[in-house]
Protein chains: 2
Amino acid sequence: MTAQDLPQGMTENTIPLMLGHPDPATLLTPELLHAMQRVISSPQVYTALQYGPEQGTQSLIKFLVEKIKREQGLSLHSGNLMVVGGSTHAVDMVARLYARAGGVVLVEAPTYVDAMHIFRDHQIELCSIPMDEDGLIPRELEKQVAHLSANGKSPSFLYTVPNFHNPTGSTLSEARRREIIGLARTYGFLIVEDDVYRDLSFEGVTEGVVPGSFYALAQGKQVLSIGNFSKTLAPGLRLGWLLGAEDDIQRCVNCGTTQMGGGANPFVANIVAEYCLSGHWETHIVNLRSLYKTRCNVALAALEQYMPTDVGWTRPAGGFFIWLSLPENVFAQDVKRLALQEGVLVAAGEGFFVTAVEGEHNLRLAFSCAAPGEIETGICILAEVIDRSRVR
Amino acid sequence: MTAQDLPQGMTENTIPLMLGHPDPATLLTPELLHAMQRVISSPQVYTALQYGPEQGTQSLIKFLVEKIKREQGLSLHSGNLMVVGGSTHAVDMVARLYARAGGVVLVEAPTYVDAMHIFRDHQIELCSIPMDEDGLIPRELEKQVAHLSANGKSPSFLYTVPNFHNPTGSTLSEARRREIIGLARTYGFLIVEDDVYRDLSFEGVTEGVVPGSFYALAQGKQVLSIGNFSKTLAPGLRLGWLLGAEDDIQRCVNCGTTQMGGGANPFVANIVAEYCLSGHWETHIVNLRSLYKTRCNVALAALEQYMPTDVGWTRPAGGFFIWLSLPENVFAQDVKRLALQEGVLVAAGEGFFVTAVEGEHNLRLAFSCAAPGEIETGICILAEVIDRSRVR
């Protein structure tokens with residue numbers, strides 16, 4: 001982000017606790033640079049510069065399938081995965097192909113603001129499902145689906161961020177995932193899991209540390225799972241993947257945008273394939289886990305130290321975000337405005353809800369792109385601002 | 001395209017007259033390679049790898065605005081243009097934001113098959129407007145719009161490929177463009193011009209050689225104009241632009257996909273900006289014009305020499321395509337099948353029409369990615385196959 005793109009009121013010294021951006025310093029490793037150099041100086045570059053196979057660059061598909069198989073103990077083959085232009089492309093394509101305009105999509109309350117924006121652009125009706133500290137509540141989900149059904153409506157899909165949720169940082173338990181899969185089968189809706197933070201589990205992704213993905217738990221049926229390189233490599237590459245049953249992937253491969261544009265970002269996909277095959281991505285991810293775990297711990301310690309006792313927060317096990325619950329007499333918009341005046345940028349909760357008012361006492365803190373010292377200072381300032389914002 | 005991606009029945013020796021791909025040999029110039037090297041070895045790469053400004057990489061916007069202003073004698077500023085991920089991104093975004101599902105979009109008959117596919121994915125009703133050798137016929141357009149209006153419907157926009165049309169190769173006259181702008185104002189629909197072949201006018205783009213764009217003729221009002229780097233640099237970069245009134249561009253910048261993904265392909269956009277600013281793109285375009293003009297001339301001479309007298313064809317002044325009209329007793333599908341058996345790949349006409357049967361006596365030949373010798377041989381074989389396909 002350059003100075004000219006800074007949000008109003010923000011300077012280059014503002015402490016950035018608002019956006020879920022990866023730490024800029026992590027974006028170019030020597031190994032990624034070498035992969036770039038190898039691709040552009042080899043005959044492979046001609047393939048990389050032409051329209052690519054619709055499903056995506058084959059070597060990258062093969063690499064990702066092997067990685068996911070190994071980590072999630074899944075039966076998987078190359079027909080289950082396609083390359084996409086970042087998770088944005090996947091969310092938009094799934095909305096376009098799987099939800100009719102005027103149809104219903106189930107989302108968490110709160111949910112990822114930009115996904116909601118995409119659904120609204122498609123004229124999709126959103127039905128939000130309450131969460132608690134363990135994520136989406138299955139009995140609330142069933143209640144809403146039954147209510148829709150009584151009104152002659154059936155949801156096209158559930159959009160969920162099961163791991164290190166955006167904005168709350170919470171992780172949905174395996175038991176709840178299984179219950180939700182049961183509901184999806186009973187009521188016939190698809191589950192779309194946006195799992196872009198999975199690799200950023202602070203304690204790694206071995207069995208037992210992160211619950212099995214919806215895709216794994218449902219044995220690959222009735223689930224589309226989205227991953228990307230934006231959180232664990234570089235957002236500017238605009239690259240990700242979509243995992244699903246073979247006929248679902250084929251449907252996406254055969255759609256208009258894929259047929260017109262060819263495979264997603266072939267030039268970049270060839271570079272990322274080269275990088276991944278060199279074996280350095282996994283090492284980089286291990287480094288990122290440690291980096292973000294440290295930042296999260298700094299944030300949690302600062303919250304403990306500085307926050308008034310009537311402020312609550314989540315304790316994420318991975319990802320980029322902590323979710324704050326403010327007392328009834330403190331409004332997120334006031335805090336956001338005053339914090340910015342003091343040089344700290346945070347996200348107010350309203351934007352993350354279908355019904356904005358539900359988020360008026362919440363803040364999202366991103367610890368991903370501020371240095372530890374900035375995080376501590378920022379939270380100290382925020383605590384003071386929260387106290388000052390109390391409506392009397 | 002690698003061997004494994006070849007259409008069924010096609011071998012690596014097949015003469016490729018089907019796909020509108022640029023000549024693979026043109027995809028990497030030393031100057032593009034140098035631009036890649038400069039970007040990846042400069043601090044600029046950190047910006048390029050992060051989420052970019054939503055409107056797109058600013059230096060590229062500035063370059064494109066200056067180029068279009070200079071070539072089209074327009075009043076234009078940076079608020080009139082955004083970077084997109086290839087024309088696919090632009091067509092899909094415009095369909096999503098400007099046409100309601102169940103709404104109507106006007107298209108040419110024939111039209112670009114993949115754009116039609118995207119509109120259908122959005123559940124948009126297509127209404128097709130007849131063309132003659134001078135392109136879209138304004139009085140037919142008015143007839144259709146009046147008919148829709150009598151049925152209580154109004155089209156959201158007209159999708160048109162005004163220059164070196166895909167699939168026909170024809171160019172819409174300036175007089176007709178003005179008439180169509182008049183109709184758009186009378187009936188209140190937007191004009192979406194897919195102008196990706198403009199730069200490939202064989203005689204250049206100076207005034208009088210190519211008619212003014214819809215955008216220029218309408219003084220930037222009620223027109224969205226799409227351009228890309230896929231035809232004049234490399235499709236695998238997945239980069240293009242959208243030109244429009246400032247509030248239309250702002251609407252696209254503010255939509256869900258742009259807000260979620262950030263600006264289109266920042267890494268690649270930084271490379272392309274670096275390349276363009278070095279001044280080499282314009283030289284490259286001049287070389288491409290000459291290359292494709294030669295191929296088109298070879299194709300036209302071969303058609304003249306080999307085709308039966310009852311076959312007709314268009315004489316494009318730019319772009320990639322020639323459109324063949326077969327006699328009533330020759331069917332495109334038969335020709336396509338038999339030609340492939342003889343090692344020549346061509347596109348049958350059906351796919352380019354809303355009502356497929358309208359194209360059953362048409363073929364599209366792409367002269368862009370076959371060598372002159374292959375083009376001549378291919379057309380010679382095709383002529384023989386057409387004669388052999390006559391239904392008696």
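Laboratory data are not the source of any read-out in this text; all were calculated from the coordinates shown. None of the values given here were measured: they were computed from a predicted structure. Here the Cβ positions follow ideal geometry from the backbone for every residue, glycine too, while neighbour counts run over all protein chains shown.
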With a cut-off of 18 Å, note down the residues of segment B:353-367 whose backbone N falls inside the zone around a label point 7 Å from the Cα of residue B:13 toward its beta carbon.
-> none
Take the Cα coordinates of segment B:267-349, assign each an equal point scatterer, and use the Debye formula without solvent to give log10 I(q)/I(0) at q = 0.26 Å⁻¹.
-> -1.32
Can you check how the C-alpha radius of gyration of segment B:202-361 compares to 2.2 N^0.38 Å, as a plain ratio?
-> 1.34
Got the residue B:356 label distances to the other copies yet, label 7 Å along Cα→Cβ, in nm, shortest first?
-> 4.8
Using the per-residue mean of other Cβ atoms lying within 10 Å as a proxy for protection, in what order, highest first, do the peptides B:162-174, A:268-280 fall?
-> B:162-174, A:268-280
Put a label point 7 Å from Cα along the Cβ direction on residue B:37, then list its distances to the equivalent points in the other copies in nm, shortest first.
-> 1.1
Highest average packing first - A:249-260, B:199-210, Cβ atoms within 10 Å | A:249-260, B:199-210
Could you quickly flag the chain A residue whose beta carbon comes closest to the rotation axis taking A to B, and that distance in whole angstrom?
-> A:101, 2
Listed pairs A:62/A:221; B:153/B:221; B:62/B:221; A:231/B:67 exceeding 24 Å between Cα atoms | A:231/B:67
Determine the distance separating the Cα centre of segment B:59-89 from the Cα centre of segment A:18-52; give it in Å without decimals.
-> 26 Å
Can you give me the pair-distance distribution of segment B:305-392, C-alpha pairs, 10 Å bins, whole percents?
-> 18, 55, 26, 2
Calculate the radius of gyration of the Cα atoms of segment B:250-300 to one decimal place, then report Dmax, the largest Cα-Cα distance, as a whole number, both in Å.
-> 17.4, 47
Sort out for me the Cα centre separation of segment A:116-158 from segment B:280-313, rounded to whole Å.
-> 56 Å
So for segment A:90-168, using the alpha carbon gyration tensor with a ≥ b ≥ c as root eigenvalues (a/c under 1.5 gives rounded; past that, a/b versus b/c decides prolate or oblate), I'd call it oblate
Helix-derived [θ] at 222 nm for chain A: sum -39500 (n - 2.57) over DSSP H runs of at least 4, divide by residue count, nearest 500?
-> -13000 deg cm²/dmol
Round to the nearest 0.05 the FRET efficiency obtained for residue B:143 and residue B:333 when R0 = 22 Å and r is the Cβ-Cβ distance.
-> 0.15
Extent of segment A:42-175 along each principal axis, from alpha carbon coordinates, in Å, largest to smallest?
-> 58, 33, 26
For residue A:380, place a label point 7 Å out from Cα along the Cα→Cβ vector, do the same in each other copy, and report the separations in nm, one decimal, smallest first.
-> 8.4
Anyone know which of B:87, B:325, B:42 comes out most mobile in the 10 Å Cα GNM of chain B?
-> B:42
Per-residue average of Cβ from other chains inside 10 Å of A:264-270 = 5
Kindly identify segment B:34-104 as rounded, prolate or oblate by the Cα gyration tensor criterion: order the square roots of the eigenvalues as a ≥ b ≥ c, call it rounded if a/c is under 1.5, otherwise compare a/b with b/c, prolate if a/b is larger, else oblate.
-> oblate
By its C-alpha gyration tensor, with a ≥ b ≥ c as the square roots of the eigenvalues, how is chain A shaped: rounded for a/c under 1.5, else prolate for a/b larger than b/c, else oblate?
-> oblate
